[in-house]
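The values are calculated or read from the model by the stated rules, or taken from the named source; none is laboratory data. As the structure is a computational prediction, the values presented were derived from the model and not from experiment. In this analysis, Cβ positions are derived from the backbone assuming ideal geometry, glycine residues included, and neighbour counts consider all displayed protein chains.
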Amino acid sequence: MRSFKLLLPLVAAGLIAGCASTSHSEMDSMRTMAQDAMERANAAAAKADQASRDAAMAMEAAKKAQACCEANTQRINRAFEDSMRK
């Protein structure tokens with residue numbers, strides 16, 4: 001995604017420089033399309049960053065739940081062992 005963001009302005013510049021014979025309205029249209037593509041790429045990057053943060057939070061919650069489960073398992077095992085000794 002980041003390489004796409006870096007590559008897009010270069011492609012747009014190449015199109016603009018390589019199309020010297022095109023009309024001004026065509027150049028504006030290409031510029032608008034490039035800006036639109038850049039905005040979409042930035043929006044996608046922001047969504048990906050948010051998804052990454054959400055995934056990290058979910059992983060943290062899962063680790064805490066696993067630790068709680070393991071602690072409960074140990075408590076149950078100790079209680080069972082204590083009841084078997086009596």
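Structural remarks
- In region 16-68, the qualifying residues are those that are exposed (fewer than 10 other Cβ atoms within 10 Å of the Cβ) and part of a loop (DSSP other than H, G, I, E, B), and the one that is modelled with the highest pLDDT is S23.
- Residues that are more than 16 Å from the chain's Cα centre (by Cα) and among the basic types (K, R), drawn from region 26-51: R31
- Test: D82 is modelled with pLDDT of 85 or more and surrounded by 10 or more Cβ atoms within 10 Å (Cβ to Cβ): no
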